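J.: Got a structure here, written out as structure tokens. Questions coming.
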Amino acid sequence: MMKKVITVLISLLMILSLAACGNSASQTRQPSTEEKQTAGTVNSEEPVENSANAENTDTSEGQTNESENPDILEEQATKVLVTYFSATNTTQGIAEHIANGLNGDIYEIVPEEPYTDADLNYNDNNSRTTIEMNDPDARPAITGSVEDMEQYDIVFIGYPIWWGEAPRIVSTFVESYDFSGKTIVPFCTSGGSGVGSSATNLEQLTDGADWLPGKRLNGSDSQDTVMEWVNGLGLDFGE
Ligand SMILES: Cc1cc2nc3c(=O)[nH]c(=O)nc-3n(C[C@H](O)[C@H](O)[C@H](O)COP(=O)(O)O)c2cc1C
């Protein structure tokens with residue numbers, strides 16, 4: 001009698017465990033509608049393996065806010081662009097000091113037709129630069145452009161002094177964009193001349209921008225020297 005009871009009990013246990021296996025197997029092959037929806041939501045955003053992202057799909061409010069805040073902060077941060085024209089790389093060095101020091105983007109104003117040594121000969125009355133600088137309306141063409149100028153709040157504009165002025169290609173540059181609402185910081189290098197009226201003349205070519213006074217720097221100035229000037233401008237770089 002006892003044997004029969006044990007046999008029946010074992011048989012029952014086996015049936016139950018087989019039924020359980022059958023269920024789990026059918027679940028793996030055919031997820032319920034609810035499971036399909038959940039998997040679809042996660043897959044459509046990020047791979048499921050990424051546990052950090054999987055957590056972001058959690059409906060917990062705290063986690064959702066944490067994942068959104070960095071985006072909001074990024075949008076609010078001050079964005080700096082350092083632009084420059086440099087025929088013989090002196091101004092370029094200063095521009096790099098500023099961009100590195102501020103962790104800003106950098107953009108080189110590149111002439112469609114590069115300036116040759118002959119072009120840069122200021123002792124030649126017929127050289128390209130002499131002709132361009134004698135004509136206030138000259139606008140040498142630029143190749144390439146700033147991607148999404150709108151995103152920037154502060155724009156540095158660097159150039160060499162040519163005959164007391166900014167090269168005409170810098171006029172081409174400032175006339176190519178809408179700088180309204182932006183702060184512009186002009187800077188230059190030279191053989192000795194000061195910034196003079198070069199920056200205020202460029203300012204006349206733009207509308208609605210806040211131009212800071214221009215600054216003449218030495219090509220040999222160190223990063224520290226350059227950043228001392230930058231940090232003394234009274235601007236909020238959002239850092
Ligand atoms: C066509 C030309 C005109 C220049 N005119 C002046 C000038 O009026 N005053 C001055 O101090 N330096 C003058 N320079 C020297 C440059 O301003 C100086 O070398 C500058 O640092 C060069 O910068 P870059 O290497 O970025 O082009 C002139 C240079 C060139 C090529």
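J.: So which residues in segment 143-167 are closer than 29 Å to Asn121 by Cα and out of contact with any Ser or Thr (no Cβ under 9 Å at 6 or more places or on another chain), if there are any at all?
T.: Across segment 143-167, the qualifying residues are Thr143, Gly144.
J.: For the subset of segment 167-195 comprising residues that are crowded, with 22+ Cβ neighbours inside 10 Å and in contact (Cβ under 8 Å) with a residue 40 or more places away in the chain, which member is nearest to the ligand (Cβ to nearest atom)?
T.: By that ranking, first place goes to Thr189.
J.: Restricting to segment 196-215, and then to whatever is within 16 Å of the ligand (Cβ to nearest atom) and among the small types (Gly, Ala, Ser), can you tell me which residue is surrounded by the fewest Cβ atoms within 10 Å (Cβ to Cβ)?
T.: For segment 196-215, the residue satisfying everything is Ser197.
J.: Regarding segment 92-113, can at least one residue be identified that is assigned to a helix (DSSP H, G or I) and in contact with a Lys or Arg (Cβ under 7 Å, 6 or more places away or on another chain)? Walk me through it before giving the result.
T.: First pass over segment 92-113, keeping only residues assigned to a helix (DSSP H, G or I): 92-102.
With the extra rule that they be in contact with a Lys or Arg (Cβ under 7 Å, 6 or more places away or on another chain), the set shrinks to none.
No, every residue in segment 92-113 fails to be assigned to a helix (DSSP H, G or I) and in contact with a Lys or Arg (Cβ under 7 Å, 6 or more places away or on another chain).
J.: In segment 146-170, how many residues are β-branched (Val, Ile, Thr) and farther than 30 Å from Ala77 by Cα? Before you say what the answer is, go through the steps one by one.
T.: Just the residues of segment 146-170 that are β-branched (Val, Ile, Thr), to begin with: 146, 154-155, 157, 161, 169-170.
With the extra rule that they be farther than 30 Å from Ala77 by Cα, the set shrinks to 161, 169.
Here the count works out to 2.
J.: Further question: Quickly run through segment 216-239 and pick out the residues that are within 16 Å of the ligand (Cβ to nearest atom) and either surrounded by 16 or more Cβ atoms within 10 Å (Cβ to Cβ) or among the basic types (Lys, Arg) (or both).
T.: Arg216, Leu217, Gly219, Asp221, Val226, listed by residue number.
Taken together, the values in this text are just the output of simple stated rules run on the coordinates, not laboratory data. Since the structure is predicted, the reported quantities are computational estimates derived from the model, not experimental observations. Virtual Cβ from ideal backbone geometry, glycine too; neighbours counted across all protein chains shown.
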